[in-house]
Structures are given as C-alpha cells and as structure tokens.
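Following: one structure in structure tokens, then a few remarks.
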Amino acid sequence: MKQKDFTTSILIDKSPAEVFNAINNVRGWWQGEIAGNTNKPGDEFTYQVATIHFSKQNLPSHIMAWFRPLNVMEIVQMLGSY
C-alpha cells in the first residue's frame, strides 16, 4: 500500500455542533474497552478490542482530527502488508 493518508467527506442533515458532539460521543458508538476520560476536548483515553487493536487517543477540540499517539493493530501485522 503506497498511499499513507486518507480523507473523505460526507453530507449529513444535522448542524455542525450536533455532528461534532455525536462523533465525539466515544462511549456511545465505540464497541471495545475504553479506559480514561472521554467527556471533553483534550481528554486522553485508551481503546482496546481483544488482542487485535490497542490505541491511545485524544478527543479533538474544535476540528475533527483525531490524534493517536499510540496505535497497535495486530490484525494488520497478522495479514502482512498488502
């Protein structure tokens, strides 16, 4: 895989604030184990799905750009590079 970046756009019939708040409602739609605070911008938490994914993340403040200082994706390592 040569491309390292991913960008997409979608149209939603909601206000920007409603969309931003819904996306940042981590516990409302993420299904793995979450440890740490997820209530306000800048909160840092870890997210884990069994043994195949572990990451440390920060909630964004005013733009939808997630900062992920640590990411381990065992499934990618199991599949090899594609």
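Every number here is computed from the coordinates shown, using simple stated rules; none is lab data. No experiment lies behind these values; they were computed from the predicted model shown. Positions of Cβ are generated from backbone atoms using ideal geometry, with glycine treated the same way; all protein chains shown enter the neighbour counts.
What is the fewest-to-most order of 4, 56 by other Cβ atoms lying within 10 Å of their Cβ? Please list the in-between numbers first.
On the way: 4 5, 56 16.
Ascending Cβ contact count within 10 Å gives the list 4, 56.
Listed by chain and number, the lysines whose alpha-carbon sits under 28 Å from that of residue 40, ignoring those within fewer than 8 places in the same chain, are 14, 56. For chymotrypsin sites (Phe, Trp or Tyr not before Pro), the sites in the stretch 8-61 that DSSP calls loop and that have at most 16 other Cβ atoms within 10 Å are 30. Ordered by the number of other Cβ atoms lying within 10 Å of each residue's own Cβ, fewest first, 59, 11 fall into the sequence 11, 59.
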